[in-house]
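*Asks:* I'd like to ask you about the structure that follows.
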Amino acid sequence: QHSAHSRHARTRRQCAFLRAAMSVLKSFVGSMKDGSATHKRRTEKVHIPTGDLEDALEPQRRFVAAIRETLCDCVQCFETLRKTQRSLMRAAQNFLGFDTAGLDESALALLQIASTFFQAGDELLHKTGFDEVIMSCDRFMREFESVDALIKDRDEAHREFEHYNGKVAGILATPERQHSKSDRDRLERNQDKLIQAQRLAEDRREMCDTAVRAVVERRHFHARASLHAAIRCYVSTMAALGKNANFVAEAFRGELQEGTIVEVIGFPEESNLNGFVGVVSAVVKEGQYTIVSAAGEDGPGKAVRGEHLVPLGSATQPSGDGDGDDAPSSSIGSPHGPAVVLAPASGPMSGGCESVVSLGKANISWSAGSTAGVDSIAEILVGGAHAEILGPTESAGGVAIRLPASAVPGPVTVEVRMEGWHNYVAVQEHCFSYYEPLSFGFCGCNIELSCASGTTSNVGPSAMPTLALRNEGLVHGIAITAQSVPRIDSAAHLRYFEVNVLEVAEQKTTKTLSIGFVWPIVGTEVAGKFGRLPESAAMLQGGFIVGGDLPKVYLAGKDIGRVAGWRPLLDVAVGSIVGAALEQEPDGTVCLAIYQDGTKRFSVRTSLPEAWCVIDPHGVVDVSGSVRRVELRQGTSPPTERVQSQQHDEAGTSECPRQHADTGASTSTELGGSRSARF
């Protein structure tokens with residue numbers, strides 16, 4: 001009886017545990033999305049439905065992956081376009097190097113405009129912003145991979161729970177498997193593992209649900225950071241290219257306008273058209289054909305394709321009844337002075353600056369009784385673009401304008417049109433020049449960059465940091481331009497910039513100013529863009545520097561020679577203008593020249609590392625030691641002494657004589673042999 005009582009008690013305890021376990025398992029399984037888990041053996045692979053949130057993950061993943069693939073295709077296409085443009089310009093450069101007269105003047109000018117467009121476009125196609133969007137897509141794909149791993153862990157935990165659930169249910173459903181002590185121990189072990197598997201499955205399910213919900217709820221952010229950002233970068237790039245291309249297209253369309261004098265070329269020798277000089281009377285079929293008529297003759301003219309025409313100039317437009325009283329006697333500047341004068345005569349390409357326009361009365365004879373003058377100015381064109389007329393100036397004879405923007409640097413023609421401008425017009429070529437603004441952008445830890453307090457003819461927009469002040473210490477005074485120094489002479493690859501010394505230190509020191517150029521060399525101090533700068537410019541791994549005391553020449557952070565003829569510690573004072581010119585020679589060497597106050601003081605010629613030759617250099621000035629504050633000047637070019645030096649070299653002198661700095665003469669040093677061979 002006792003044995004039977006004990007057996008019945010054990011059976012009751014097992015039944016109570018089974019009921020409790022079944023209740024717990026029923027509540028857990030009911031919380032699962034499928035609700036199909038039961039206490040039975042399962043030999044087939046368990047399939048767990050992912051639910052509505054998980055069903056949205058795969059389309060979201062495919063969406064991001066498709067955008068990433070599209071952006072990679074765009075980057076590859078843009079890179080191909082960049083290579084194509086560079087190859088085209090390289091072919092043109094090689095052709096002109098072989099035959100300098102291979103292009104007529106008009107075609108050469110248009111080629112230079114197109115080259116500037118390609119150069120600007122190369123920068124635009126390189127900095128599209130696609131890389132950042134691709135990085136965002138990669139980050140989103142990693143989020144999906146993380147969620148996939150959580151889903152996999154959750155499903156694995158659920159399968160383990162199902163395994164022990166089936167084992168416990170099978171043992172409890174078979175009483176004959178519960179008689180021996182080993183059977184009971186096995187049941188207890190499986191019951192413990194079942195409880196642990198249940199807890200693990202619940203934890204992983206909760207983690208998975210939280211991660212899935214977080215990713216799915218971020219789908220709007222994913223869409224904006226991928227699709228929206230990709231389209232924005234693409235459209236912005238296309239808009240910038242189109243804006244620049246429109247200027248170039250207008251230049252090509254404006255080459256052959258009505259009234260342009262042209263010469264016919266390129267026909268077979270037996271044709272009587274070669275050498276014919278006529279006037280463009282019409283342009284038909286969207287510019288494919290140009291109607292050319294003989295000057296002063298009425299008639300249908302001849303239809304000629306544009307490639308057979310070379311512009312020679314603009315025809316004189318007759319006006320009035322022919323007595324000459326209704327037209328200016330001259331619309332172009334004469335030996336007595338320019339017809340149009342602008343002050344200041346230079347400005348940044350971005351436009352927006354003010355200038356004062358005045359007319360040279362001695363050069364223009366207006367009709368008797370006419371009211372032509374500044375009060376009658378109807379419009380002013382600077383480089384073919386309309387300038388905003390602000391009104392007459394306080395001093396008589398001038399009118400203030402706000403300059404328009406320009407797509408290319410260099411001199412432009414200014415045209416002033418009066419009321420009834422077809423009778424009253426004044427034109428002056430090269431009376432205004434656009435320049436690329438230059439500002440400081442990178443500096444050492446002791447340098448404070450600031451904007452100029454005002455603007456003059458030599459100072460750029462006041463919003464640009466052009467002042468560099470060393471506020472403490474004697475070193476860590478490097479200031480580097482934010483932009484690469486623009487070319488002044490594209491044919492000779494000449495670059496030039498200069499600074500005005502505004503303040504010197506009262507403290508006596510042996511350290512002083514250095515100036516030169518620096519190349520963004522990947523992997524050195526220029527990893528994105530200039531990183532942490534050394535204490536002096538002489539230590540720049542991508543620098544070509546002249547200066548210090550005793551002054552030396554430094555290339556890639558190494559001393560490669562001494563400087564004779566210029567000692568900035570003694571020569572530079574408040575008000576000194578110090579400039580650096582870098583010119584690339586046809587043989588691959590470069591010449592770095594130092595100017596002070598309009599005089600060429602020193603020059604050095606050497607070969608650069610090959611990797612530098614394809615990178616545009618930035619200007620660098622080391623405001624250290626005796627020099628405390630400098631200002632970066634705008635729109636500058638090397639003094640005219642450079643032309644005299646070139647003429648002297650062409651006369652047969654390969655190296656200027658070395659003279660002491662006190663003489664004020666320039667000194668030239670050529671570095672070669674073993675020193676330059678190190679690179």
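The values are calculated or read from the model by the stated rules, or taken from the named source; none is laboratory data. For clarity, every value in this text was computed on a predicted model and none was experimentally measured. Backbone-built Cβ (ideal geometry, glycine too); neighbour counts: all protein chains shown. Please note that ligands, DNA and RNA were not included when accessible areas were found on the heavy atoms of the full protein model with its side chains. Shrake-Rupley method; radii C 1.70, N 1.55, O 1.52, S 1.80 Å.
*Asks:* Of the numbered conditions (1) surrounded by fewer than 16 Cβ atoms within 10 Å (Cβ to Cβ); (2) in contact (Cβ under 8 Å) with a residue 40 or more places away in the chain, PHE117 satisfies every one except a single condition; which is it?
*Replies:* (1)
*Asks:* A follow-up question, please. Only one of (1) within 30 Å of LEU124 (Cβ to Cβ); (2) charged (D, E, K, R); (3) at pLDDT 75 or above is not met by GLU286, so which one is it?
*Replies:* Every listed condition holds for GLU286 apart from (3).
*Asks:* Let me confirm something: among ASP55, ASP153, ASP122, which residue is of a type outside the set (Lys, Arg), loosely packed, with under 13 Cβ neighbours inside 10 Å and free of Cβ contacts under 8 Å to residues at least 60 places away in the same chain? Lay out the reasoning, then the answer.
*Replies:* Details: ASP153 fails: loosely packed, with under 13 Cβ neighbours inside 10 Å; ASP122 fails: loosely packed, with under 13 Cβ neighbours inside 10 Å.
After ruling out the rest, the residue left standing is ASP55.
*Asks:* Can I ask one more? State which residue pairs qualify: first residue free of Cβ contacts under 8 Å to residues at least 60 places away in the same chain and inside region 246-261, second residue open to solvent by 30 Å² or more (accessible area, probe 1.4 Å) and polar (S, T, N, Q) in any location, beta carbons under 7 Å apart, and separation of 6 or more residues or different chains.
*Replies:* GLU258/SER281; GLY259/SER314; GLY259/GLN317; THR260/SER314; ILE261/SER314
*Asks:* State all residues of region 630-657 that are modelled with pLDDT of 90 or more and surrounded by fewer than 22 Cβ atoms within 10 Å (Cβ to Cβ); if no residue qualifies, say none.
*Replies:* Hits for region 630-657 are GLU631, ARG633.
*Asks:* Pairs, please: C-beta under 8 Å, at least 6 apart or cross-chain, first residue of a type in the set (Asp, Glu) and open to solvent by less than 60 Å² (accessible area, probe 1.4 Å) and in region 440-456, second at pLDDT below 90 and assigned to a loop (DSSP other than H, G, I, E, B)?
*Replies:* none
*Asks:* Just checking, how many residues over region 125-144 are open to solvent by 40 Å² or more (accessible area, probe 1.4 Å) and either without any contact (Cβ under 8 Å) to a residue 12 or more places away in the chain or within 13 Å of the chain's Cα centre (by Cα) (or both)? Break it down stepwise before answering.
*Replies:* Keep residues of region 125-144 that are open to solvent by 40 Å² or more (accessible area, probe 1.4 Å), which gives 126-127, 131-132, 135, 138-139, 141-143.
Right, trim to either without any contact (Cβ under 8 Å) to a residue 12 or more places away in the chain or within 13 Å of the chain's Cα centre (by Cα) (or both) and you get 126-127, 135, 139, 142.
Matching residues across region 125-144 total 5.
*Asks:* Continuing with this model, one more query. List every residue pair whose Cβ atoms lie under 7 Å apart, where the two residues are 6 or more positions apart in sequence or sit on different chains, the first residue falls within region 196-224 and is closer than 19 Å to ALA157 by Cβ and assigned to a helix (DSSP H, G or I), and the second residue, located anywhere, is open to solvent by 30 Å² or more (accessible area, probe 1.4 Å) and of a type in the set (A, V, I, L, M, F, W, C).
*Replies:* MET207/LEU150; CYS208/LEU150; ALA211/LEU150; VAL212/LEU53; ARG213/LEU53
*Asks:* Something else: Please determine whether any residue of region 252-274 is part of a helix (DSSP H, G or I) and within 30 Å of PHE117 (Cβ to Cβ). Full working, then the answer.
*Replies:* Here is the first cut: in region 252-274, the residues part of a helix (DSSP H, G or I) are 252-253.
Checking the rest, the ones that are also within 30 Å of PHE117 (Cβ to Cβ) come to 252-253.
Yes, that holds for at least one residue.
*Asks:* Quick one: would you say ALA230 is at negative phi, surrounded by 12 or more Cβ atoms within 10 Å (Cβ to Cβ) and free of Cβ contacts under 8 Å to residues at least 12 places away in the same chain?
*Replies:* Values: at negative phi: yes; surrounded by 12 or more Cβ atoms within 10 Å (Cβ to Cβ): yes; free of Cβ contacts under 8 Å to residues at least 12 places away in the same chain: no.
In short, no.
*Asks:* Let me ask something else. Which condition number does CYS591 fail, the rest of (1) surrounded by 21 or more Cβ atoms within 10 Å (Cβ to Cβ); (2) in a strand (DSSP E or B); (3) not acidic (Asp, Glu) being met?
*Replies:* Failing condition for CYS591: (1).
*Asks:* Go through region 387-426 and report how many residues are at pLDDT 75 or above and farther than 20 Å from GLY351 by Cβ.
*Replies:* Step one: filter region 387-426 for residues at pLDDT 75 or above, giving 387-393, 398-417.
Those still in the list that are farther than 20 Å from GLY351 by Cβ too: 392.
The total comes to 1.
*Asks:* Within region 237-263, can you find the residues that are buried (at least 17 other Cβ atoms within 10 Å of the Cβ), within 22 Å of CYS77 (Cβ to Cβ) and either polar (S, T, N, Q) or modelled with pLDDT under 80 (or both)?
*Replies:* If the condition is that a residue be buried (at least 17 other Cβ atoms within 10 Å of the Cβ), within 22 Å of CYS77 (Cβ to Cβ) and either polar (S, T, N, Q) or modelled with pLDDT under 80 (or both), then THR237, ASN244 are the ones that fit.
*Asks:* A further question on this structure: Taking region 232-280 as the region of interest, how many residues are within 17 Å of the chain's Cα centre (by Cα) and not basic (Lys, Arg)? Steps first, please.
*Replies:* First, pick out the residues of region 232-280 that are within 17 Å of the chain's Cα centre (by Cα): 232-245.
After this cut, where a residue has to be not basic (Lys, Arg) as well, the list is 233-242, 244-245.
Qualifying residue count for the region: 12.
*Asks:* Still on this model: Six or more apart or on different chains, Cβ under 8 Å: which pairs go from a residue in region 69-81 that's over 20 Å from ASP138 (Cα atoms) to one that's open to solvent by 60 Å² or more (accessible area, probe 1.4 Å)? Could you list them?
*Replies:* Qualifying pairs under 8 Å: PHE78/HIS126.
*Asks:* I would also like to ask the following. Take the residues of region 91-105 that are open to solvent by less than 40 Å² (accessible area, probe 1.4 Å) and modelled with pLDDT under 80: which is nearest to TYR234 (Cα to Cα)? Spell out how you get there, then give the answer.
*Replies:* So in region 91-105, the residues open to solvent by less than 40 Å² (accessible area, probe 1.4 Å) come out as 92, 96, 102.
Now drop any that are not modelled with pLDDT under 80, which leaves 96, 102.
Numbers: LEU96: 35, GLY102: 38 Å.
So, considering only residues that are open to solvent by less than 40 Å² (accessible area, probe 1.4 Å) and modelled with pLDDT under 80, the one nearest to TYR234 (Cα to Cα) is LEU96.
*Asks:* May I ask you to list the residues in region 193-219 that are among the acidic types (Asp, Glu) and open to solvent by 90 Å² or more (accessible area, probe 1.4 Å)?
*Replies:* If we filter region 193-219 for residues that are among the acidic types (Asp, Glu), which is where we start, we get 202-203, 206, 209, 217.
Listed by number, the residues that qualify are GLU206, GLU217.
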